[in-house]
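A short worksheet on the structure shown next.
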Amino acid sequence: MLRRGDYVLCNFPFRESHGPGPSPHIVLCAATGRVGGTKFAIVFYTTSQIDFQGARRPRQYLLVDKTRAAELGQKAAFHVDASRIARLPITTDYFPELGQRVVAKTRDPDFVIKVEDRMRELIAAGFELTKVDDVRATK
């Protein structure tokens, strides 16, 4: 089952629509819970687009370098986006590897703390987060 700090494959929803996205990519799990009969995970979006304009990385991005990415089974470095977060039902529609024995690619609970700290800094600075909530309580 998913736990805080797990990197897992997820069909993260597009910004424009609710429901699972069309293809899985890695996300960072910040928390899990239950509302009614629905189990959910709160996850941070990641992007493999690590190039940026200007002298400094945009503050919402935290870099997972190539060495750490390789440890996670990824081919390239990527960013965790502290400004893009989703609460998603824990189903195979969103987490396609749930039916397999091993779900998490690896764990890094300490990195979740860094991402959450950055998210709080963004909120305090007035940065608008992109939030998706695809959880509907069932009995």
Residues within segment 110-124 that are surrounded by fewer than 13 Cβ atoms within 10 Å (Cβ to Cβ) and either free of Cβ contacts under 8 Å to residues at least 24 places away in the same chain or within 12 Å of I85 (Cβ to Cβ) (or both), tallied: 3
Checking the structure you have, find out if any residue of segment 14-22 is at pLDDT below 85, of a type in the set (D, E, K, R) and surrounded by fewer than 20 Cβ atoms within 10 Å (Cβ to Cβ). yes
Every residue from segment 75-106 that is buried (at least 17 other Cβ atoms within 10 Å of the Cβ), assigned to a strand (DSSP E or B) and either touching a Gly at 6+ places or on another chain (Cβ under 9 Å) or at pLDDT below 85 (or both): R87
Top-ranked residue in segment 23-39 [being over 13 Å from the mean Cα position of the chain (by Cα) and in contact (Cβ under 8 Å) with a residue 60 or more places away in the chain; ranked as surrounded by the fewest Cβ atoms within 10 Å (Cβ to Cβ)]: G37
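The values are calculated or read from the model by the stated rules, or taken from the named source; none is laboratory data. Predicted model, so just to flag it, every value in this text is computed and none were measured. FYI the Cβ positions are ideal-geometry reconstructions off the backbone, even for glycines, and counts take in every protein chain you see.
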